[in-house]
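Written below as structure tokens is the structure these notes are about.
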Amino acid sequence: MAVKKKSVARITKKTTAPKKPATKAEIYSYLSDHTGLTKKDVGSVFDAMSAMMKRDLKKGPGVFTVPGLMKIKVVRKPATKARKGINPFTGEETVFKAKPARNVVKVQPLKNLKDMV
């Protein structure tokens, strides 16, 4: 494990921290430069990974793990009935609408991702 941390630290020292989040094209070109794959190959890897993610989350076990980074899971939220409540800003009574049952995607960072930050 210590070897991986050193290699991650070495990569981050070489690159400067950008002010804006990376675009899709920037991510593809960075990965193609550092892996030896073409940008088209990197794009096909992302497409395959997203198809695998969709399969596992929608019809499979409901959990997809990106090794060493995060765990993505689907949580079924139950339906809620309409209810009366008090608006905390105005203090007046309001009615909160009923919500149907729905699937919610939750992302849980794993230890390696937490250690990077």
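All of the numbers you see were taken from the coordinates with simple rules; none came from a lab. These numbers come from a predicted model, not from an experiment. Glycine gets a Cβ as well: all are built from the backbone with ideal geometry, and neighbour counts include every protein chain shown.
Computed about its Cα centre, the charge dipole of the chain is approximately 340 debye, with only Lys, Arg, Asp and Glu carrying charge at their Cβ. Set the Cα radius of gyration of the chain against 2.2 N^0.38 Å, with N its number of residues, and you get 1.57. Estimated from helical segments only, the mean residue ellipticity of the chain at 222 nm is -13500 deg cm²/dmol, where each DSSP H run of four or more residues counts as -39500 (n - 2.57). Take the Cα of Asn112, step 7 Å toward its Cβ, do the same at Met49, and the gap between the two points is 1.1 nm.
Shown for the chain are the DSSP H helices of 24 Å or more along their axis, judged by Cα atoms, with a mean Kyte-Doolittle hydropathy of at least -1.0: 39-58. Its residues counted as N, the range 74-117 yields a C-alpha radius of gyration over 2.2 N^0.38 Å of 1.89.
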